[in-house]
Amino acid sequence: MKKLLAHWWFRLIIAIIASILYVSARTLFPFGLIFLSYFLAILLSVISISVLAMRAGSSFNAFGLQFDKFAFTDFIKGLVIVILMNLVFVIVSILMGYDYKLHNNSLIFDYKVLTFYSSQIFVMAYLEEILFRGLFFQTIRERFGDFVAILLLSIFFSLAHYFNPNISTMGLINIVLAGVMLSVLYITTESLWLPISFHFFWNLNQQVILGSNISGINFDIQFFELTAIGSDNAWLFGGQFGIEEGILTTFLLTFLTLISFKINKQNPYIMATKFRIKYEESKILGK
């Protein structure tokens, strides 16, 4: 088994099978059956972690879902980044004369509903990161390098949202940029926790804090409302698809991608594991 797993094409086949499983389940049960989502999250995690853990010289931290001080720091950093991005939206919109206020339904808001949908949003973000920055990305990256892996998986990431409600050309472009940014977050930490954290809080805060749809989907859990979204300046702030189709999001994603190389630090434990894998597999493959 270790010899098979040393071949990138074998790991790619496993990644494709896992993706087919995910897409089939989401097609049969779109946006429903929360327990199915939980089951998929657990199943894909076990498959992905096991594939990397069973490689020669490897351990369970190789996949990037380890629990250590670096994971905690990365998860908090994802939240902080999203808060700062939200502040940019609020400040720019207020300077342009728009309102930022409590949503009409906020006073009768059911926090059980928020908890339910928040868990759904987390599982969706988690599953997407497992698929796109997990086994697929890591396998292609090892074989073809960072550039090819980032470009290929970011395009696939955007196409995966093609049939979302209210999709637009600018929305697809920004999702490509989001894919690039999330990939860079992974590369600069060697951990999946920062992209998972950013992805989750980005989606959740779009609706709860800004009152925006999430990639065209409305979970109806907004607490605040930014009137600039869907206004005459929708080209800047975003419209029915959400803030992800606005030029302001384009700027923020690009800026975050560039500074990620400065503000992030690779997990040394994962780097050590990957070095051992490379050394042990080179002996197996006779390289």
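The values are calculated or read from the model by the stated rules, or taken from the named source; none is laboratory data. No experiment lies behind these values; they were computed from the predicted model shown. Cβ: placed from backbone, ideal geometry, glycine included. Neighbour counts: every protein chain shown.
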Quick one: Glu244 ticks every box in (1) modelled with pLDDT under 95; (2) over 18 Å from the mean Cα position of the chain (by Cα) except a single one, so which number is it?
(2)
Flag for Thr227 being closer than 22 Å to Ser168 by Cα, touching a Phe, Trp or Tyr at 6+ places or on another chain (Cβ under 6 Å) and either surrounded by fewer than 18 Cβ atoms within 10 Å (Cβ to Cβ) or modelled with pLDDT under 90 (or both)
yes
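Every residue, every condition in (1) within 16 Å of the chain's Cα centre (by Cα); (2) touching a residue at least 60 places away in the same chain (Cβ under 8 Å); (3) in a helix (DSSP H, G or I), yes or no:
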| site | (1), (2), (3) |
| --- | --- |
| Gln120 | yes, yes, yes |
| Ile130 | yes, yes, yes |
| Leu135 | yes, yes, yes |
| Ile140 | no, yes, yes |
| Arg143 | no, yes, yes |
| Ile150 | yes, no, yes |
| Ser154 | yes, no, yes |
| Asn164 | no, yes, no |
| Gly171 | yes, yes, yes |
Any chance region 252-268 includes a residue that's of a type in the set (Phe, Trp, Tyr), assigned to a loop (DSSP other than H, G, I, E, B) and surrounded by fewer than 19 Cβ atoms within 10 Å (Cβ to Cβ)?
no
Return a yes/no flag: does region 207-218 have any residue that is buried (at least 19 other Cβ atoms within 10 Å of the Cβ) and assigned to a helix (DSSP H, G or I).
yes
Pull out all pairs, ordered by first then second residue, where Cβ-Cβ is under 8 Å, the residues are six or more apart or on different chains, the first lies in region 65-77 and is over 11 Å from Ile196 (Cα atoms), and the second is of a type in the set (D, E, K, R) and surrounded by fewer than 18 Cβ atoms within 10 Å (Cβ to Cβ).
Phe70/Lys265
Could you count how many residues in region 178-206 are outside any helix (DSSP H, G or I), surrounded by fewer than 24 Cβ atoms within 10 Å (Cβ to Cβ) and touching an Asp or Glu at 6+ places or on another chain (Cβ under 9 Å)?
1
Would you mind stating whether Ala53 is surrounded by 15 or more Cβ atoms within 10 Å (Cβ to Cβ) and either out of contact with any helix residue (DSSP H, G or I) (no Cβ under 6 Å at 6 or more places or on another chain) or modelled with pLDDT under 80 (or both)?
yes
Of the numbered conditions (1) surrounded by fewer than 20 Cβ atoms within 10 Å (Cβ to Cβ); (2) modelled with pLDDT of 90 or more, Leu285 fails exactly one; give the number of that condition.
(2)
